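Okay, so here's the structure we're looking at.
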Amino acid sequence: MAAEYDFPSVSAQFCTGGTFVSCVRYGEGHINDTFKLTVNDNGIEKHYILQRINNRLFADVDKLMHNIELVTDFCRKSVEKRGGDPLRECLMLVRTKDGKSFYFDGENYFRMYVFIENATSYQVVRDPADFYESARAFGGFASLLADFDASQLYEILPDFHNTKVRYANFLRAMEKDVCGRKNEVQKEVDWVISHKDLCGKIVDKIASGEIPLRVTHNDTKLNNVMLDDATGKALAVIDLDTVMPGSLCYDFGDSIRFGCNPAAEDEPDLSKVNFRFDLYETYLDGYLSAVGGSVTEEEKKNLPVGAVLMTYECGMRFLTDYLEGDVYFKTHRPKQNLDRARTQFKLVDDMLSAFGKMTDAAMKR
Ligand code: ADP
Ligand code: GN1
Ligand code: MG
C-alpha cells in the first residue's frame, strides 16, 4: 500500500530538485512496487518513477543495481552518440544525494528513474504498428547489447529461462502442495506434465553450443517498452532487471507470448484468448529488421520454439506460484495466477497447431 512508505522522506534522498508534491502507484508490473512521483521545482512540475525494489526476489540489490548502472550507462551513451534525447530514449537513473543508484531505508530498497514523458507502455496490442515498433525496439536493444561485455554482468537470477529447472520447481511445488490447491488444478498439472518434452528444446541447444548465449533482456513484454504518444514510435526499452546472458529465442518468444494474445494475460474467459498469427508475422518483420545480421540460421529456426517455450514456461511459473500461495507474481484477486496460467496453456495449444506455419514464416525471412 502506498501509505506504507514515507514518500516525502524517501524522495528527499534523491537528486530530484524541487519539493515533494505527490507519489502514486503506477503501471502494471508484476514484480516491483512502482510509483509516479511529482515534485515542484520553482513552479514547474517534474515527474519521476520511484520503485521499491522487490528484494525478496532480488536478494542482492548491490549486484542488481551494478548491472542496471552499467546497462543504463551503455544505452545512454549510444543515444547521445546518435544525437537522441537521453531523457526520453533510454532509462535514466536518478542518483541519491550521496551518489548512489539506490537508497536503503533500513528495510526497503528504492531506486528512481527519470519519468519518460508523453509515452505509453501498452498492456495489449492496440494496433499492429505498435507491435512492429516494440519489435524494432527489442531487436535494436539486442543489437546494441551485442557490443556489451557480458563478463561485467552478474547473472542476477540464475536459470531464469532454464525451462528444465522451472519444470523441476513446478514438480516440487506440486509435491509439497503447501496451500492444498493441487486437486483443484489437476487438469492444468496434467497438461504441463504431458508437455514436458518441450523443456529441453532451447537449453539443450545452448548447452551444445548450437544456439549462442548473448546479452539479452529476458523480459520482453510489450509493457516493458515505451512508445511515443505523438509519433507512435518506440522510445525506450525499460525494466532492465533481468538483462543477463540468454538467447535471442527467449527475447523473441516472450514478446510473442504476451503480444500475440488479443486478451489480457489474466483473462478468465478463454474463448477470448488466441494466438494471432498475423501479429506474429508483424513482430518477426520488426525484430529481424532491427536485430542485425548476426542472427544464425539455427536461432532463426528456433524463434517459434522460443515463442512456444516462453509461453509454456511462463504458464508453468504462474501455476507454480498458484500452488505456492501467490508469493512471486503480484496478484490483485483470488485465482489470478491460475487464470494467468490457463491463458498461457491455451496459447501454447494454439501455437503448437500453427507451429509449421510459424517456422515457415521465420525461415523464409
Ligand atoms: P516491474 O519490474 O514490476 O515490471 P517496471 O520497471 O516494468 O516494473 O515498471 C512498471 C511500469 O511502470 C512499466 O510497465 C511502465 O508502465 C512504468 N514505467 C517504468 N519505468 C518508467 C519510466 N522511466 N517512465 C515512465 N514509465 C515507466
Ligand atoms: C514479470 O516484471 P514484469 O511484470 O515485467 C516477470 C517475467 C514474466 C512476466 C509475466 C523478473 O515481468 O519473467 O514473464 O512477469 N519478471 C520477473 O507477465 O520474474
Ligand atoms: Mg515490467
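Values quoted throughout were computed directly from the atomic coordinates according to the rules given, and no laboratory measurement underlies them. Everything numeric here is computed off the predicted structure, so don't read it as measured data. Cβ placement follows ideal geometry from the backbone for every residue including glycine, while neighbour counts extend to all protein chains displayed.
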Residue in segment 200-216 that is within 26 Å of residue 287 (Cα to Cα) and within 16 Å of ligand 3 (Cβ to nearest atom) present: yes
Single unsatisfied condition, residue 193 versus (1) under 18 Å from the mean Cα position of the chain (by Cα); (2) more than 22 Å from residue 256 (Cβ to Cβ); (3) β-branched (Val, Ile, Thr): (1)
Failed item in (1) touching a Gly at 6+ places or on another chain (Cβ under 8 Å); (2) within 16 Å of ligand 2 (Cβ to nearest atom); (3) within 27 Å of residue 66 (Cα to Cα), with residue 244 passing the rest: (1)
Among the residues listed as 312, 322, 283, the single one being assigned to a helix (DSSP H, G or I), of a type in the set (Phe, Trp, Tyr) and either within 16 Å of ligand 1 (Cβ to nearest atom) or within 21 Å of residue 126 (Cα to Cα) (or both): 283
Evaluation of residue 299 against (1) buried (at least 16 other Cβ atoms within 10 Å of the Cβ); (2) without any contact (Cβ under 8 Å) to a residue 40 or more places away in the chain (one fails), failing number: (2)
Leading residue by the ranking (surrounded by the most Cβ atoms within 10 Å (Cβ to Cβ)) among those in segment 250-285 that are hydrophobic (A, V, I, L, M, F, W, C) and under 17 Å from residue 309 (Cα atoms): 252
Listing of helices (runs of 4 or more DSSP H) fully contained in segment 1-94 that carry 2 or more residues being within 16 Å of ligand 2 (Cβ to nearest atom): 61-81
Residue satisfying all of: in segment 1-37; surrounded by 18 or more Cβ atoms within 10 Å (Cβ to Cβ) and polar (S, T, N, Q); farthest from ligand 1 (Cβ to nearest atom) among these: 13
Test: residue in segment 82-97 that is among the hydroxyl-bearing types (Ser, Thr, Tyr) and touching a helix residue (DSSP H, G or I) at 6+ places or on another chain (Cβ under 8 Å): no
Long-range neighbours under 8 Å by Cβ, at least six apart or interchain, first residue without any contact (Cβ under 8 Å) to a residue 24 or more places away in the chain and among the polar types (S, T, N, Q) within segment 19-36, second outside any strand (DSSP E or B) and within 16 Å of ligand 3 (Cβ to nearest atom): 34/26; 34/27
Residue 184, sole failed condition from (1) under 18 Å from the mean Cα position of the chain (by Cα); (2) closer than 24 Å to residue 322 by Cβ: (1)
Top-ranked residue in segment 208-237 [being touching a helix residue (DSSP H, G or I) at 6+ places or on another chain (Cβ under 6 Å) and closer than 23 Å to residue 344 by Cα; ranked as surrounded by the most Cβ atoms within 10 Å (Cβ to Cβ)]: 220
